[in-house]
Amino acid sequence: MTAAARPELVRTIGRWALAGLVINGVIGSAIFGMPSLIAGKLGRAAPWAWILAAVLIGVVIACFAEVASRFRDAGGPYLYVRETFGRFAGIQTGWMAYLARLTASASVANLFVIYLGEFWPGFARREVGVAVLALLLGTLAFVNFRGVGQGSRISSVIAAAKLTGLGLFVIIGLVWMGGHGAVEAPPAPAGTSPWLEALLILVFAYGGFEAALMPLAEAKDPERDAPVALFTALAASAIIYTLVQVVVTWTLPDAAAVPRPVAAAAGVFLGPVGGALMAIVAITSTFGYLAGGMVNVPRLTFAMAEQGDLPKPFAAVHRVFRTPYLSILCYASLTFLLAVNGSFLKNLTLSVVARLITYGLVCAALPVLRARDGTAKAAPRAAFRLGAGPVFAVLGVLGMAVVATQVSRNEAIVMAVVIGLATVHYLVAVSGKR
C-alpha cells in the first residue's frame, strides 16, 4: 500500500464527547471504595483531602491544557514528552502511560464483576467471571473496532448516567442529613503523614484524564476542545467526589470500617434498595471507565508505532472503519489477561506511581515548549495559554515529587525495572531493530 493510499483516522470526536471521555477516565471505581480509606486516615477532615487533591491535580491539568492545545495528533503524554525532551523520554513516558492504563483498566474490570456479584452470587465463581470479562471487553473492542464515533457516544451517555446517579446520591444524602442530623466523625490525626498518604491514593481517584488526550487525532478541534474538556471534567469530579465524601463521613458511624461505603451510606437513607441502586451506579461507572479506555488507550500504541517506536502494524488503520484495529485488539487482550490473573487492589498503587512520573514530565514540558516559541524547534502555537504557566509547571513538578515520597520500596523497585525495560526498548529502537 502506498503512503497516499494508506487509510487515515477520522475526526469525529466533538468537544462534549471529548469531555465525556475525560470524565469517564477520571470517575471510574475509586469513588465507590476510597471514601472509607480517606475517612480512616483523616476522620472528619476527609472531605478537605478531596479538595486539596483537586487543587494539586488542577495545577497538573492546567499544564496539560496548555501543552495539549499545541498538538492535533494521537499519543497524549507520550507525544508531548517526545516532542519536548526527545525519543528516549518519549518511550519512557509511553511505557509509563500504558502501564498505568492497563493496570487501572484491569482493576476496574475486576470491580465490574465484583459488583455484579451483588445481584447473583454465581459471579464469584472464577469460570463465570472469566466469561463475563471476555464478553465485556470483547463487546467494547468490537464497538470501537467499528468506529471511534460509536465508542465515544457510548462513553458520553455513560458519563451522563454516572454523574446523574452520584448526583442523586449526594442530593438525597444531604437532604437526609438536614432532617436527621450528622453522625459524630472522629477528629483528624496530627501530622502531615496521613495527608500525604491520602494524596497518594487520591492521585489515582483524580487521575486518568490524560488517557482522553490519546485519541486527539480523531477529535474535530483538539487544540481548543482539549482544555475545555479537561477543566470541565476536573470541576465535575471535584464537586462529586467531595460531596460524596461528606455524605459518607456524616451518615456512617464508622465509615472507615465499611468496604462499600457509598452503598452502605445509601442503605442508611434509602433502606435496602439503596445499596442495590448504588451497585447499579457502580456497574455503570466501571463500564463507562472501560468504554472510555477502549477509545483512548489503543491510540497510544498507534501513536508510538507512527513515530517508529513500536512495530508498524500497531499503526495499521482499518480500510473501512478507519480505526487502529490491532492496537484495540492488543489493549483488550492485555486488559483481559491482567484482570483474569490479578485482583482489584493489586496494581492500583503501581498505576499511581506511573502517573506521577508522567504528570511531572508534562508539567516540565510547558516552560520548555514556551522557550522554543519563535525558534526553528518550536511546536505549534498554544491555542490556550495558561497565566503564570511556568509557576504552575514548577508547582506541578514539586507536587508530584512530594507525593512520590510516599511510594514504598517495593513499588520503587518495580518502577526501576519498568524504566530499565523501556531503556532496552529505546536502545533496540534506535539500533533499527523491531
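The values are calculated or read from the model by the stated rules, or taken from the named source; none is laboratory data. Quick caveat: nothing in here was measured; it's all calculated off a predicted structure. Reconstructed Cβ throughout: ideal geometry from the backbone, glycine too, with neighbour counts over all protein chains shown.
Pairs are defined by a Cβ separation below 7 Å, a sequence spacing of at least 6 or placement on different chains, a first member in the range 229-245 that is in contact (Cβ under 8 Å) with a residue 24 or more places away in the chain, and a second member that is among the charged types (D, E, K, R) and in a helix (DSSP H, G or I); the pairs so defined are ALA229/ARG15. Residue pairs whose Cβ atoms lie under 6 Å apart, sitting 6 or more positions apart in sequence or on different chains, and linking a residue in the range 17-36 that is more than 19 Å from LEU277 (Cβ to Cβ) to a partner that is of a type in the set (Ser, Thr, Tyr) and crowded, with 24+ Cβ neighbours inside 10 Å, are ALA17/SER152; GLY20/SER155; LEU21/SER155; ASN24/SER155; ASN24/TYR289; VAL26/SER237. Quick one: would you say LEU398 is of a type in the set (A, V, I, L, M), at negative phi and surrounded by fewer than 18 Cβ atoms within 10 Å (Cβ to Cβ)? Here the answer is yes, as LEU398 does meet what is asked.
Taken together, the residues in the range 202-239 that are closer than 16 Å to ALA46 by Cα, of a type in the set (Val, Ile, Thr) and surrounded by fewer than 22 Cβ atoms within 10 Å (Cβ to Cβ) amount to 1.
Please go through the range 247-264 and give me each residue that is closer than 19 Å to TRP48 by Cα and surrounded by 19 or more Cβ atoms within 10 Å (Cβ to Cβ), ordered by number. VAL247, VAL248, THR249, TRP250, THR251, LEU252, ALA255, ALA256, PRO261, VAL262, listed by residue number. Annotation for the range 347-361: no member residue is among the charged types (D, E, K, R), out of contact with any Ser or Thr (no Cβ under 8 Å at 6 or more places or on another chain) and surrounded by fewer than 23 Cβ atoms within 10 Å (Cβ to Cβ). Sub-7 Å Cβ pairs linking a first residue in the range 406-421 that is more than 23 Å from GLY90 (Cβ to Cβ) to a second residue that is charged (D, E, K, R) and surrounded by 13 or more Cβ atoms within 10 Å (Cβ to Cβ), at least 6 apart or interchain, are GLN406/GLU197, ordered by first then second residue.
Exactly one residue out of LEU42, LEU99 is touching a residue at least 40 places away in the same chain (Cβ under 8 Å), touching a Pro at 6+ places or on another chain (Cβ under 9 Å) and under 23 Å from LEU200 (Cα atoms): that is LEU42.
Of the residues screened, ALA315 is one that is among the small types (Gly, Ala, Ser) and touching an Asp or Glu at 6+ places or on another chain (Cβ under 8 Å).
Step by step: first the residues of the range 115-130, then only those that are out of contact with any Gly (no Cβ under 9 Å at 6 or more places or on another chain) and surrounded by fewer than 21 Cβ atoms within 10 Å (Cβ to Cβ), then the one that is nearest to LEU361 (Cα to Cα). Which residue is that?
Only one residue fits best here, namely VAL130.
For the range 259-296, filtering for residues that are hydroxyl-bearing (Ser, Thr, Tyr) and more than 16 Å from TYR115 (Cβ to Cβ) leaves 0. Kindly indicate whether ALA276 is surrounded by fewer than 19 Cβ atoms within 10 Å (Cβ to Cβ), modelled with pLDDT under 90, small (Gly, Ala, Ser) and within 15 Å of GLY165 (Cβ to Cβ). Here the answer is yes, as ALA276 does meet what is asked. Please verify whether THR251 is within 25 Å of the chain's Cα centre (by Cα) and closer than 21 Å to LEU174 by Cβ, treating the condition exactly as stated. So THR251 fails the test.
Restricting attention to the range 192-228, the residues that are part of a helix (DSSP H, G or I), of a type in the set (Gly, Ala, Ser) and touching a residue at least 24 places away in the same chain (Cβ under 8 Å) add up to 6.
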